[in-house]
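Chemist: Here it is: the structure, laid out below.
The values are calculated or read from the model by the stated rules, or taken from the named source; none is laboratory data. Note that the structure is predicted; figures quoted are calculated from it, not measured. Here the Cβ positions follow ideal geometry from the backbone for every residue, glycine too, while neighbour counts run over all protein chains shown. Areas reflect the complete protein model, heavy atoms only, side chains present, ligands, DNA and RNA absent. Shrake-Rupley method; radii C 1.70, N 1.55, O 1.52, S 1.80 Å.
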Amino acid sequence: MRLLIVGPQGAGKGTQAALLASNLQVPHVSTGDIFRANISAGTALGVEAKGYMDRGDLVPDEITRGMVADRVAEADAAAGFMLDGFPRNIAQAQWLSALLADRGEDLDAVVVLTAPDAELVQRMLLRGRADDTEEAIARRLAIYYAETEPLLEYYADKVVRVDGVGDVAEVQQRILSALGRGADAAS
Ligand code: AMP
């Protein structure tokens, strides 16, 4: 399965994506995680990305695309993957469509995790990640609504909306059911 998960920060996207990848036995490809690993390792890519990330801005497309192209070209992603955090704007989505078309592939579904704004901000403040300053949180939410939410229209025929409010296991079951892979699915 080739899946994409989309949702505002704080919707539980990363947690659900990791679980889903493990349940569906596909690699979890999180651009945020790959950037953070590069920052920890002190690579040139990490140094370049850090300033953007600390501000809550998107890292420029040229940098991000190269990283995604390399990751999905790895052997473990040949049969499927769970993309988390990419694409985040229409330009990235168009680029991904072309990349997959070249491979004779397409996404199977786009899972959209939803939650009310008040719940999102509350969860963000509890998360306490290094790039979770008040300014960066506000900036990421604004970018989500301006740049990422239009993806829901771009992927209209693939979107599966799932309510992200609830405990982790409960939300995961909702996603699996929505994808026809729930405990109650025929196979
Ligand atoms: P995330 O872990 O998905 O919240 O991503 C953390 C940060 O990494 C974002 O705020 C961006 O600065 C950067 N980032 C992650 N994915 C992308 C992407 N697809 N395009 C540009 N920047 C990204």
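Chemist: Measure off, as a whole percent, the carbon and sulfur share of the 1.4 Å-probe accessible area of the stretch 102-187, all protein chains present.
Modeler: Answer for the stretch 102-187: carbon and sulfur cover 51 percent of the accessible area.
Chemist: Considering only Ala73, Ala130, Ala49, give the residue with the highest GNM mean-square fluctuation for the chain, with springs between Cα atoms whenever their separation is below 10 Å.
Modeler: Ala130
Chemist: How far apart, in nm, are the 7 Å Cα→Cβ label points at Gln25 and Thr43?
Modeler: A separation of 2.8 nm, rounded to one decimal place.
Chemist: Note down the nm distance, to one decimal, between modelled labels 7 Å out along Cα→Cβ at Ala178 and at Leu125.
Modeler: So the two model labels end up 2.6 nm from each other.
Chemist: Okay, helix-only estimate at 222 nm for the chain: each DSSP H run of n ≥ 4 adds -39500 (n - 2.57), divide by all residues, round to 500 deg cm²/dmol; what do you get?
Modeler: -15500 deg cm²/dmol
Chemist: Just to check I understand the Karplus step: with θ = phi - 60° and J = 6.51 cos²θ - 1.76 cosθ + 1.60, what whole-Hz values come out for the stretch 104-113, glycine and proline as x?
Modeler: Values per residue, Gly and Pro as x: x, 10, 8, 6, 8, 7, 10, 7, 10, 8 Hz.
Chemist: For the stretch 84-187, what is the convex hull volume of the alpha-carbon atoms per residue, in Å³?
Modeler: 131 Å³
Chemist: Comparing Gly66, Gly46, Gly104, which has the greatest mean-square fluctuation in the GNM of the chain with Cα pairs linked when under 10 Å apart?
Modeler: Gly104
Chemist: Just to confirm, what accessible area per residue do you get for the chain at 1.4 Å probe, in whole Å²?
Modeler: For the chain, the per-residue accessible area is 48 Å².
Chemist: Using only C-alpha atoms and all pairs of different ones, pull out the Kirkwood radius for the chain in Å with one decimal.
Modeler: The Cα-based Kirkwood calculation yields 16.9 Å.
Chemist: I want to make sure I understand the PRE zone here: with the label point 7 angstrom from the Cα of Leu152 toward its beta carbon, which residues in the stretch 103-137 have backbone N atoms less than 14 Å away?
Modeler: Within reach of a label on Leu152: 110-117.
Chemist: Relative contact order for the chain using alpha-carbon pairs under 8 Å, separation at least 6, rounded to a whole percent?
Modeler: Reported relative contact order: 32 percent.
Chemist: Something else now. At a 1.4 Å probe radius, carbon and sulfur cover how many percent of the accessible area of the stretch 6-57?
Modeler: 54 percent
Chemist: Please check: in the Gaussian network model of the chain (C-alpha springs, under 10 Å), which one of Ala11, Ala109, Ala79 has the largest mean-square fluctuation.
Modeler: Its mean-square fluctuation being the largest, the pick is Ala79.
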